[in-house]
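What follows is a set of notes on a single structure, which appears directly below.
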Amino acid sequence: MPEDFAQPTTARVRYDQQGPVAVITMADGKMNCVNRPMRADLLDALVTAHEDPGTTAIVLAAEGPAWCAGADLNEMDSEDAEADPNLHRTLIGYMDAMEKPVIAAIGGVALGGGLELALGCHYRLAAPGAKVGLPEVTLGLFPGAGGTQRLTRALGLEAASNVILSGRVHKARDFEGTGLFDEIVSGELLARATGFAQSLASGACPPRLRDLKVAMPNAQGYLELVRMAVKSNPRRLPGQLPAIDAIEASVTLPFDEGLEVEYEGFRAMRASLASYAYRHAFLAERRAGVVEGLDPKTPLRPTASVAVIGAGVMGQGIAMACAEAGYQVTLLDLGPAALERAVMRIGAQYDRAVTRGRMSDAAKSELMARLIPATDYEDIAQHDLVIEAVLEEMPVKKAVFERLDAVMRPGAILATNTSTLDVNRIAGFTHRPGDVVGLHFFNPANIMRLLEVVRGAATAPDVLATVLKVGKRLGKVNVVAGVCDGFIGNRMVEQYMRQAQFMIEEGATPAQVDAALERWGMAMGPFRMNDLAGNDITGAVRARQRAEHPEAILPAAPDLVLERGWLGQKTGLGWYRHDPAQRRPQENTELTQALTDWRAAQGISPRRISDAEIVDRCLLALVNEGAAVLAEGIAQRASDIDVVYLSGYGFPVAKGGPMYAADSMGLSNVLRRMREFTRLGHGDAGFWTPHPLLQKLNKSHRNLKDYGAKQ
Ligand code: NAD
């Protein structure tokens with residue numbers, strides 16, 4: 001290379017010359033996101049290589065787990081997102097105009113903008129296990145740097161539409177033999193890519209995807225069907241319909257005009273409220289894994305062997321989650337009958353998965369072989385991690401933890417799945433409270449993503465760090481919570497339920513409350529949820545509340561249900577009538593009458609309650625309690641509360657979580673609405689006193705997201 005071509009090696013991009021091939025390596029030590037500094041460095045390197053007469057071809061490689069993980073979401077809302085050199089026009093546009101070929105050598109993930117960068121290269125070589133995809137729709141966006149225009153040309157309309165609209169991540173080898181990859185390389189990728197680059201005839205015009213036509217007869221007819229299918233899906237993602245418009249432009253318009261349609265659609269999408277909320281949800285989930293004050297280098301304890309105590313509903317689910325993550329699990333219960341029943345139920349669940357084609361027989365056998373039933377604590381004494389899921393009664397927990405304290409090897413982690421009991425008291429039943437932690441799974445534990453990791457007053461940092469790692473391996477979204485009744489999620493949901501119940505006393509029906517909240521986006525309304533979970537749980541919670549807080553005013557409506565033994569789906573009657581012949585629950589007319597009689601006896605004349613009131617009362621009940629949870633340090637940050645609700649309670653991602661929704665509403669509006677509800681004069685008068693934290697934040701013009709730990 002002549003001297004006047006300085007090698008533009010930077011902190012993010014390395015530049016090496018291998019004979020006539022320039023190797024540009026993205027190596028920012030993180031995920032090689034195409035943020036502004038990365039784009040600028042890449043462009044510099046490409047220009048240098050292009051202008052160097054000694055270079056005939058360029059290999060674009062990367063170091064680290066990611067070839068390029070796409071746009072930097074932290075940059076998305078700043079001016080830098082669009083600043084030059086931008087990805088879609090400047091950087092990829094430069095490659096379009098190059099006379100020397102650029103060969104992408106993809107060893108790690110190439111997602112979103114990363115895959116779009118690769119599609120802008122002239123050739124693409126990938127390791128078989130490299131991961132590719134356009135996950136933008138899962139972030140409330142769709143591809144905005146040529147993905148909808150070039151992938152359709154590389155893969156064909158149907159396959160590309162599937163990749164774009166599903167947002168799924170694929171193995172590179174799934175696309176072997178398609179126009180996406182020129183070669184899937186089993187051996188040493190970089191050596192092969194430089195060899196490939198050298199073999200290209202110098203001076204030949206490099207091929208560009210943009211010059212191809214999207215081949216498919218009746219493409220628009222096909223897209224119309226896809227559009228109809230997406231439109232009729234109530235759970236569709238906000239970026240899917242505009243993505244279809246952009247895909248259609250790849251068929252109907254010349255390339256540059258298609259690119260323009262895509263970019264304009266992308267910009268509009270990015271500025272939409274739903275898109276902000278989706279991105280908030282994504283970043284919040286990442287942030288939740290960071291625990292304030294916990295050194296990320298904390299050495300971990302071993303977790304090779306896991307025991308689950310209590311083989312009931314939760315114990316079975318937890319054991320399944322552990323087996324599915326590859327752990328050997330010893331499942332311990334009082335007697336062989338309970339264990340036999342548990343193993344049979346687990347087997348039956350996996351059998352259903354096999355029948356539905358979701359699991360192979362061999363996979364089922366492998367999972368079942370990982371479950372070892374036991375009745376003797378001596379069998380688990382040397383295990384690394386014990387997760388207790390016995391009855392929710394303190395004396396039972398006490399007996400179990402005293403026994404664990406006596407038998408377990410020093411250093412074993414002792415976790416409890418209690419949903420309401422005091423983890424500090426449970427830790428106090430042992431002589432090693434530092435080893436005790438709460439792991440609050442949600443039902444069904446092998447399916448629900450949320451895991452509340454409850455940090456006791458004495459929980460040792462390495463215990464916390466280790467269970468967070470275990471949670472990750474189980475595929476869970478970890479949120480750290482402090483000790484209080486109900487932790488983050490259930491403590492807040494009680495207030496939400498309470499408002500829902502007050503409203504049916506005031507004149508609404510369970511179906512109206514559920515419908516309003518479901519239309520707003522909740523996966524399931526509160527009454528349907530109660531009937532599914534079983535109203536006996538409501539009964540137990542109320543009994544405890546009455547004992548512990550005799551001053552609290554509880555809605556009377558649940559008693560109407562409980563007194564009649566209407567436990568929900570399991571008894572066929574609850575807030576609804578559940579007829580096995582009907583798909584949807586029906587009105588429980590006896591309950592309607594009981595409510596009418598109750599109102600008459602109380603002198604309450606029923607009033608019409610609007611959907612807006614239903615949604616706001618339920619949402620703001622969550623927000624007020626969420627503020628308390630935050631102020632007491634039970635949650636580390638407002639966004640952790642959002643993660644709990646998004647991953648554990650079916651809260652709509654497009655609304656970002658309750659705390660995000662409150663910030664979006666504006667705290668002054670939140671407080672004004674609470675004052676309006678006070679004037680309704682029903683229920684617990686103190687209920688709508690805004691938590692002091694809300695008042696304080698509003699006064700200083702700050703938001704809930706600004707409170708607490710460093711963001
Ligand atoms: P369950 O009644 O279905 O199961 C409890 C099991 O524990 C039974 O198999 C019982 O035989 C066994 N058991 C009782 N005493 C025992 C002992 N001394 N030693 C060993 N085994 C013993 O209860 P569940 O619904 O699975 O709940 C278990 C725990 O999980 C509770 O603490 C509960 O609060 C918590 N939890 C439940 C849910 C839920 O939705 N069910 C959700 C989250 C957390």
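Restricting attention to segment 259-280, report how many residues are charged (D, E, K, R) and under 23 Å from the mean Cα position of the chain (by Cα). Before the answer, list the steps.
From segment 259-280, those charged (D, E, K, R) are 260, 262, 264, 267, 270, 279; that's our starting set.
Imposing the further condition that a residue be under 23 Å from the mean Cα position of the chain (by Cα) reduces the set to 270, 279.
Final tally of qualifying residues: 2.
Scanning segment 125-147 for residues that are open to solvent by 10 Å² or more (accessible area, probe 1.4 Å) and not small (Gly, Ala, Ser) yields a count of 6. Counting only helices (runs of 4 or more DSSP H) wholly contained in segment 605-676, the ones carrying 2 or more residues that are closer than 23 Å to LEU237 by Cα and touching a Lys or Arg at 6+ places or on another chain (Cβ under 6 Å) occupy 638-648, 658-665. All of (1) within 28 Å of ALA145 (Cβ to Cβ); (2) of a type outside the set (Gly, Ala, Ser); (3) in contact (Cβ under 8 Å) with a residue 60 or more places away in the chain hold for LEU300 with one exception: (1).
Could we say that ALA460 is within 20 Å of PRO433 (Cα to Cα) and without any contact (Cβ under 8 Å) to a residue 60 or more places away in the chain here? First the steps, then the outcome.
Working: within 20 Å of PRO433 (Cα to Cα): yes; without any contact (Cβ under 8 Å) to a residue 60 or more places away in the chain: yes.
Yes: the conditions hold for ALA460.
The set of residues from segment 573-586 being at pLDDT 95 or above and out of contact with any strand residue (DSSP E or B) (no Cβ under 7 Å at 6 or more places or on another chain) comprises LEU573, TRP575, HIS578. Annotation note: of THR375, THR420, THR416, the sole residue that is open to solvent by less than 30 Å² (accessible area, probe 1.4 Å) and within 16 Å of the ligand (Cβ to nearest atom) is THR416. Hey, any hits in segment 484-495 for a residue that's under 24 Å from the mean Cα position of the chain (by Cα) and within 26 Å of ALA304 (Cβ to Cβ)? No. Look at segment 29-45: where a residue is within 16 Å of ALA61 (Cβ to Cβ) and a partner is open to solvent by 10 Å² or more (accessible area, probe 1.4 Å) and part of a helix (DSSP H, G or I), sitting 6+ places away or on another chain with Cβ atoms under 8 Å, you get VAL34/LEU87.
Can you tell me which residue is farthest from the chain's Cα centre (by Cα) among those in segment 402-438 that are closer than 23 Å to GLY317 by Cβ, touching a residue at least 60 places away in the same chain (Cβ under 8 Å) and not in a helix (DSSP H, G or I)? In this case the residue turns out to be ILE413.
Hey, among the residues in segment 304-320 that are among the β-branched types (Val, Ile, Thr) and open to solvent by less than 10 Å² (accessible area, probe 1.4 Å), which one's nearest to the ligand (Cβ to nearest atom)? Outline the logic, then answer.
Taking segment 304-320 and keeping what is among the β-branched types (Val, Ile, Thr), we get 306, 308-309, 313, 318.
Next, from what is left, pick out any that are open to solvent by less than 10 Å² (accessible area, probe 1.4 Å): 306, 308-309, 318.
On the way: VAL306: 15, VAL308: 10, ILE309: 5, ILE318: 9 Å.
Only one residue fits best here, namely ILE309.
Of everything listed in (1) touching a strand residue (DSSP E or B) at 6+ places or on another chain (Cβ under 7 Å); (2) more than 16 Å from GLY239 (Cβ to Cβ), the single unmet condition for ARG168 is (2).
Residues considered: ASP536, ASP485, ASP531. Of these, the only one that is within 15 Å of the ligand (Cβ to nearest atom), surrounded by 21 or more Cβ atoms within 10 Å (Cβ to Cβ) and of a type outside the set (Val, Ile, Thr) is ASP531. Looking only at segment 560-588, which residues are closer than 24 Å to ALA516 by Cβ, open to solvent by 90 Å² or more (accessible area, probe 1.4 Å) and not in a loop (DSSP other than H, G, I, E, B)? Within segment 560-588, GLN569, ARG577, GLU587 meet the criteria.
Being without any contact (Cβ under 8 Å) to a residue 12 or more places away in the chain, surrounded by fewer than 22 Cβ atoms within 10 Å (Cβ to Cβ) and within 14 Å of the ligand (Cβ to nearest atom) is the requirement here; does ALA399 meet it? For ALA399, the condition - without any contact (Cβ under 8 Å) to a residue 12 or more places away in the chain, surrounded by fewer than 22 Cβ atoms within 10 Å (Cβ to Cβ) and within 14 Å of the ligand (Cβ to nearest atom) - is met.
The values are calculated or read from the model by the stated rules, or taken from the named source; none is laboratory data. In this text the structure is predicted, and so the values were computed from the model without any measurement. Using ideal geometry, Cβ is built from the backbone for each residue, glycine included, and neighbour counts are taken over all protein chains shown. Accessible surface areas use protein heavy atoms only, side chains included; no ligands, DNA or RNA. Shrake-Rupley method; radii C 1.70, N 1.55, O 1.52, S 1.80 Å.
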